[in-house]
Each structure stands twice: as structure tokens, then as C-alpha cells.
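Values quoted throughout were computed directly from the atomic coordinates according to the rules given, and no laboratory measurement underlies them. For clarity, every value in this text was computed on a predicted model and none was experimentally measured. Note that we place each Cβ from the backbone using ideal geometry, even for glycine, and neighbour counts take in every protein chain shown.
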């Protein structure tokens, strides 16, 4: 690429960005590339590097002039290219940051406006309240005064009336006295004068109450404005918040050791910070409070919080209070949250598979029960890398699951434990190949004299005789026949596996029901079918045993690799010499339930099970 | 070669036919039975050769053995020739039932007056296959052989003497070691002369001892209540020990309660045809 093209192409991009911002940048690591302007006066790109000056990009004009000889030293094509790119990336990064920042500022601006608006409202209301109260008081007082005035006037008026009456009465009396004085009739005068004189005397003795009935002063009690005062004061005081509302647990917000809790404010309270309290809910809460689980609290400014360091699959009680300068709100309602369970652990040795299905068993991974399990499977890609989950089986109630699969594929299968908090992390995956039938041997059924190889597919019957006392018989172990069962084959259809033996091993191989008698020999009862090899000094003998009976057969070539083909649908169990592809015998049996492969050694020796093999064509009729 | 159809009956979805022709090996008219399965109408089928025992003709097998259903299911042509040349007017041929007519023993006789006509070995291994392949929709590379009693002996020796020619072999109550039993000794001395070394070429037990060729997989059913077994005519133990020693795969089944008859053959014919089908249809 020509140097011109480099400049023409890439640098144009940088120049666009340069126009948008004029911000000081940190020095780039680019070497100084200083382009000498051509005598024609056209401007070049100029990079001021290793300085704090802002990088300014003048757009390149029409075509870039060819570099001068001097520049050849300075510019190395590759360097040039390589150095532009980090600078450009840096710039792009800065642009993004600035945009983010601008966005934040906007948000903050809006929030401030909101808050301000709320404060304003608040204040208005407050003052309105105060004014209202004052005018109320005024009214009260005014009416009080009015009434007082009224009552005083009334009493004065009354007094006035009384005085008037008294006056009238005296007047009348005086007039009567005068009348009598003027009366000519002396006799009548003497009759009436004495009572009149008495009356006048009495009247004169009467004290006239000249005091005013009421005082002229109005009582002016002190106005009780304390509550107005408090109101005024409280304008300056922000009220304590009311209790927040804690939200119920959101699905998929919890992890094994953390909970994401959200709450909201009930009203337009001002809150400085929240305090979130939490404590585990124990199954068995003791009677005395001294052993109550410890409460923890977290102080947060936001209306959400992620509480960490919790136990998996555990229930927690949470509540939150809001605090501002005035005080602390009452606690919110208590909410119950649950952490997600720990992931289960798939029990590798207890998983089996066949072309159409797999049986997966796992351990819960949690001491307390969980609600259910989810099994996830994905087919491995052709490259062997894990592809996305192709199927999920939810609401599995127990720690095992029989999954339908397709033949001849490979799958990764994992399990999650689920409770109301959500699903756990995925367990470690197990790889299942749906080629052939695959099963492990059940160690807990093995006769004590049998030992197993590490991979679990070879059994040995040692030479030394174990004393009976040293043998640890369990409920499930074979006690006479030195035998072991394979894991159950719980899927209909055809299954095939092979057993490798040597020339002299006396063995029994076949299938048996789960409840086959542990104190009986394989093939000697109605719950097992097997091929038996007996070695005599002169030859090999073979029996195909069920219920103690065998057909009479001779086989001339001793099979060292025996193919066992089980067909539930047809009710057949066939044996083959796998090396020769020779059919040996077929049992026709109507299986009442699923069976286990069974193996035993009748003399010291070893036997290896090979499974996960596709059934050869000759075994399929 | 000209074939004349003698009879044809629809059977098991196919056709059970009987043909007659002039045999060049046996120098007489010979009949043989052919079962054509439904598949033969549209494609080539492998061929299963059945050799019958003493006193039998081509009829016994097709009427008593119950082979047609299994043959139809597996798409196999079954050819069942007669057990000896007929109408050759050889003196003594009808004297006993276990020598001469109906008792060809599947050898090429070297002794007079038998050597002209009694060439059942060549008939079965050469002439008949050529005839069948040119007249019927066969796959010439897929042949197998089986038989009962003397025919079992015949099947075994044809397979052992022609490594790779027959894709499968089986037998019902075969005469395993004719050199050691009355039947065989009578027949061989008559057809092959007194030199016992000449007999070895037609004794399955001896042939097994020196067999080298592609691996065989021999299925033999034997009735436990077979009178001829107890009469030491069949001698399967001899064959088994040689095969054990020489590692020739054999599965030998002793069937309790069964005798030497076609009832016995009928009971296990399906197993044998399945055994043959496994190799013919592979």
C-alpha cells in the first residue's frame, strides 16, 4: 500500500473525530512524525506528541503530496500504520467516555430538578399550613373578643336597666311623697306618711351599687402560638422518612452466596441512606432468643443492594430502614429471600447410557432439600467444542433422570438445582456417548472375594482364600456365587456388550433381575440367565443356564471375547464368539422387568467388561 | 441345459417347483426341487443347497421340512436334489436301503458298476450349481450347503473339500465319521473300494483334521433320542474333538427328546436358515 493511501484512508477518519472534540489527551506512544510542509503551502497532518497539547488535526487537502526524502527516514510504512491505530483507538475510547459522562450529567441534572421541584412543593405546603393555622388562630381570637364585648355590653346594659328601674322607682316614690306632702287631708297624710317616710328612709339607706357590673378592660390572654412555632421550626426540619417498601425477590437475581435486594420509597421522602438488615431463617429456631441468628446490616445509598457472603440454598429475612437528618424511618415489612442452591455433583460411576437414552444420577450438593432439578444437555460439536444447550429438562423431582437421546452422538450433560431463588450454577458436565450400551459395575453387589480394577471394568477373583470372618457381606452382596451386577439397563430395545476372558477362567456371564437371590448361583434360579464356562483338564464345557437347566451343547473353539446381546422387545438374550462372529446360543425369555448384566468367576481369574460398543451387524437378526 | 418343470406350487409367497433334467455327471434324468422366494421375482438371491438323507428323494424335504417360510423371509433360493441317480438299472442298486438307490453318499464312485453313474459329489458341487445359476436369478457367489444324516455328511464334506465355495454350512444329525460307522463302511467299500485311504477324502472328521481355508462356522443339531446316534452310526463326538483341536468353530446342539425324523428337522430348520442367512445376506 502506498504511503499516500495510508494517509488518505486512515488519517481521514482520525481527522473527523478530531473535529468533534478538542480535549487534551494524554501523550501517545507514537514517535514524533513531523511532516515538513511543502513549499507550496499546503498543510499536512501534524502530530504533536509527547506533549500535553491537544492533538489537533487539520484535514488533509485534496491529495497528499508525496513524501520528501527527509520523511523517508522518519516514516517507516509499517510503523506509521501501526502507530496510528492505537491513537485512533484511544481517541475512540475517549469519545465514548465523554458521551457516557454527558449522559450521566443529564441524568444528574434531571434528578436535581426533580428534587428541587419536590423541595419547592414541600416548602409551599409547609408555609401554607402555617398560614392556615395563623389565620385560624386569628379567627378564634377575634370571635373570642367579640363575644367578650358582647357579654360585657349585655351586663352593662342590664345594669343600666336596673339603674333606670331604680331611678324610676325613686322617682315614683318621691312623687308619691310629694303628693302626700301636698295632700290637704291631714288625716290621710298622717295615715300614709309614716310608711312613706319609712320607705324613703329605707330607700335612702339603700346602698346604691355604683360599681360597674363588668370591668372596662378586656382580658387578653396570651395567644398560644406554640404549635405555629413548631410548624415554623419544622419548615426547616425535614421529616423523618416513612417506612420503605421492600420488593419481593426477583427471579434470577440471586446467586449461591448473594442476594440482590430492591426496595422503594413510599412517598417523597428525603433520605440520606438506607440500612438493610438481614438474618438467616433457621429451620429449628430455638425457644430462647439468646441463640437467635445474628442480624447483619449494610448501609447503602441506593435503593438496591447485593448482599454477599451468604450460605447457599438458605432462606434470609430482610428488612430496610431509611434515615435522614431527622431520624430513622420505621422498618419495612420483612421479606423472605432465598439464595440459590449449590450446584449438584453428578455421580459419574452411577450413570449409564444406551443408544437411545442415558440415566444420570447425581448428589444434591445441598444439605437442605431443593425444589427441583434442571438437567441441561448439549450435543458436542463436530470439533468437540461445547455448543449451546440444546435441551433442558425442568422440574426433575429426584436426583436422577432418564433422558431420551439420539443414537451415535456425544452429549455434555449437566444439572442445576433449583429453588425459589432460582437455579444454581451448572454442575460439572458428564460426557455421554450414545454409541452402544454403557454401564458401570455395582460395587456394592460384589461378593467380598471380588476386587475391581480402578477403571471399574475388570473384576478379579484372587487366589488367596479369605477367611469367612474377613468377608464383609452387606445386604446387597452376593454371598455364595462370586458375582457382581452391572448397573440396571432401564431402556427397551437392543443392548450389546462384550466380556473378555482367558483360556482357563471359569465364569458365568448374562443378565439377572435386580432382586436375584444373592445367596444363589447365577443361572440356578428363575431370575437370572447366563452362559457358563467350566474348565476340565481335557476340555471346555459350556452351559447356558436358567432355572438350573441348560441345553446340551458343544463348542469347539473357546470364546475369549463373548458378545452378549439383549433384546427386551423380542425377549432374547444371545451369546456370540465376538472374534469369530459366531452365534453360540439364544435364550428366549419374556423379561418381566428391566435386568442387570451379571458376571461371576467360578475359579480364581479375571474378567473384563467392554461396553459402549455399537452392536455388530451379525448380532442383529 | 434343458430343464423341464415337473410341478409348481405357490408356497409362502413364492414358488415351490420341481424340475427334471438330463444329468451329464450321473448320465440319467434327475429331478431336483427349487424354492423361489418372492424376492427372486425382482432380484438375485443367494442359494441354499439341501442334501437329503438315506431313502429320500427331492420330495421329502419340500413337503416335510418346513423351510419355505424362513427361506421366503430371508430371500433365499433353496435347491434340494435327489439322493442318488435313478433308473440306471445297475445290478444291486435296490437291494438295500442304505446302499445304491437313495444312498449315493455324495461321493464320486471309483468302483464298478457304480463309477459311471454314482458321481453325486461332482453333481452336487459342479453340475447342479452351474445349472441353477444359468436358469434361475441367483447370485453365483453366494452359496451355502446343509443336509440331514447322509446329506449332513454330504454337506460337511462339500464344505471341507471346497474351502471358500460355501458361505455357510450346517447339518442335522450328520454322519460325521463314515469310515468308522457301519453305514459309511458299507457305502465306501462299495463305491470307493477297499483302500481306506481313498475313503479319507470323503470323511468329514478326517477332512476337518487337515482343513485349511477360510474360517467356517458349523451349526449341527442332533436329536438326543436319535436311534442312529445310539447305534453309533453318526459319531459326532469324533468330529467335535477334531474340530476342537483344529480350532474349527462348531456349535453342536444335542436336542433332548428329538429323534432322527423330519419332525426333528422341522423343529430347528428356522435356526439353520437364520444361520445361513447371516452369511448369505451379509
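What translational diffusion coefficient, to the nearest whole µm²/s, does the range B:1-148 have by Stokes-Einstein, given a Kirkwood radius computed over alpha-carbon pairs, a temperature of 37 °C and 0.692 mPa s viscosity?
212 µm²/s
May I ask you to derive the FRET efficiency for residue B:230 and residue A:514 from their Cβ-Cβ distance with R0 = 56 Å, giving the value to the nearest 0.05? Each step should come with its number before you reach the end.
Values: r = 45 Å, r/R0 = 0.80.
Result of the calculation: an efficiency of 0.80.
Please give the FRET efficiency for residue A:367 paired with residue A:394, using the beta carbon to beta carbon distance and R0 = 22 Å, rounded to the nearest 0.05. Walk me through the numbers before you get to the answer.
On the way: r = 23 Å, r/R0 = 1.04.
Once the sixth-power term is evaluated, E becomes 0.45.
How would you rank B:120, A:194, going from fewest to most other Cβ atoms within 10 Å of each one's own Cβ?
Working: B:120 28, A:194 10.
Arranged by neighbour count, lowest to highest, B:120, A:194 become A:194, B:120.
Please give the contour-minus-distance gain from residue A:283 to residue A:452: 0.36 nm per residue of separation, less the Cα-Cα distance, rounded to one decimal in nm.
56.6 nm
Let me know the mean shielding of A:530-542 by other chains, meaning the per-residue number of their Cβ atoms within 10 Å of its Cβ.
1
For every helix of n ≥ 4 consecutive DSSP H residues, a contribution of -39,500 (n - 2.57) applies; sum these over the protein assembly as shown, divide by its total residues, and give [θ] at 222 nm rounded to the nearest 500 deg cm²/dmol.
Details: 16 runs with 246 residues, N = 903.
Roughly -9000 deg cm²/dmol at 222 nm, from the helical runs in the protein assembly as shown.
Over the residues of the range A:85-204, compute the C-alpha Rg and express it relative to 2.2 N^0.38 Å. Present the calculation step by step, with values, prior to reporting the outcome.
Values: Rg = 46.3 Å, N = 120, 2.2 N^0.38 = 13.6 Å.
In units of the 2.2 N^0.38 Å rule of thumb, it is 3.41.
Please give the peptides A:181-190, B:5-14 ranked by average Cβ packing (other Cβ atoms within 10 Å per residue), highest first, as a rough proxy for protection.
Ranking, from highest mean packing down: B:5-14, A:181-190.
For the residue pair residue A:409 and residue A:227, what label-to-label distance in nm results when each label sits 7 Å from Cα along the Cα-to-beta-carbon direction?
That separation, rounded to one decimal, is 7.8 nm.
Can you work out D for the protein assembly as shown in µm² s⁻¹ from Stokes-Einstein, where Rh is the Kirkwood radius over C-alpha pairs, the temperature is 37 °C and the viscosity is 0.692 mPa s? Could the numbers behind the result be given before it?
Values: Rh = 40.5 Å.
Approximately 81 µm²/s, per Stokes-Einstein.
For peptide A:548-556, what's the mean number of Cβ atoms from other chains within 10 Å of each residue's Cβ?
Per residue, the average neighbour count from other chains is 6.
Taking a temperature of 25 °C and a viscosity of 0.890 mPa s, what whole-number D in µm²/s does Stokes-Einstein yield for the range A:508-621 with Rh from Kirkwood over alpha carbon pairs? Let's see the in-between values first.
Working: Rh = 14.6 Å.
Answer from the Stokes-Einstein relation: 168 µm²/s.
Measure off 7 Å from each Cα along the Cα-to-Cβ vector at residue B:10 and residue A:157, then give the distance between these two points in nanometres to one decimal.
It works out to 13.9 nm between the two label points.
Volume per residue, Å³, of the convex hull around the alpha-carbon atoms of the range A:278-373?
Convex hull volume per residue, Cα atoms: 162 Å³.
Using per-residue counts of other Cβ atoms within 10 Å, averaged over each peptide, order A:247-259, A:95-107 from highest down.
A:247-259, A:95-107
Listed highest first by mean packing, meaning other Cβ atoms within 10 Å per residue, what order do A:321-330, A:413-422, A:340-349, A:532-541 come in?
Top to bottom by mean Cβ count within 10 Å: A:413-422, A:340-349, A:321-330, A:532-541.
What is the projected area of the convex hull of the Cα atoms of the range A:345-434, averaged over all directions, in nm²?
5.6 nm²
Below 8 Å, C-alpha to C-alpha, sequence gap of six or more: please give me the relative contact order for the range B:147-208 in percent.
Working: 77 pairs, mean separation 22.2, N = 62.
So the answer I get is 36 percent.
In the calculated pair distance distribution of the range B:4-281, what percentage of Cα-Cα distances lie above 28 Å? Write out the running numbers ahead of the final one.
Numbers: 11188 of 38503 pairs.
It works out to 29 percent of all Cα pairs.
Give the distance, in whole Å, between the Cα centre of the range A:82-113 and the Cα centre of the range B:112-127.
About 105 Å separates the Cα centre of the range A:82-113 from the one of the range B:112-127.
If you find the alpha carbon centre of the range A:127-170 and of the range B:235-267, how far apart are they in angstrom?
Cα centroid to Cα centroid, the span is 142 Å.
Which ordering of A:112, A:261, A:130 is given by a fewest-first count of other beta-carbon atoms within 10 Å?
With the sparsest Cβ surroundings first, the list reads A:112, A:130, A:261.
R0 = 45 Å: FRET efficiency of residue B:115 with residue B:261, Cβ-based, nearest 0.05?
0.85
Within the range A:158-178, find all residues whose amide N lies under 11 Å from a label point positioned 7 Å from the Cα of residue A:197 along Cα-to-beta-carbon.
none
Out of the DSSP beta bridges found with both residues in the range B:5-106, what percent are antiparallel (nearest 5)? Show your work: numbers first, answer last.
Values: 21 of 24 bridges.
Close to 90 percent.
Which distance in nm do the two modelled labels at residue B:165 and residue A:99 give, with both placed 7 Å along the Cα-to-Cβ direction?
My value for the distance between the label points is 8.9 nm.
So for chain B, averaging the separation of alpha carbon pairs under 8 Å that are six or more residues apart and normalising by length, what relative contact order in percent results?
17 percent
In what sequence do A:152, B:247, B:39 fall when counting other Cβ within 10 Å, fewest first?
Placing the least packed residue first, the sequence is B:247, A:152, B:39.
Which whole number gives the average, over all residues in B:236-244, of C-beta atoms from other chains lying within 10 Å of the residue C-beta?
If you average over the peptide's residues, the count of other-chain Cβ atoms is 3.
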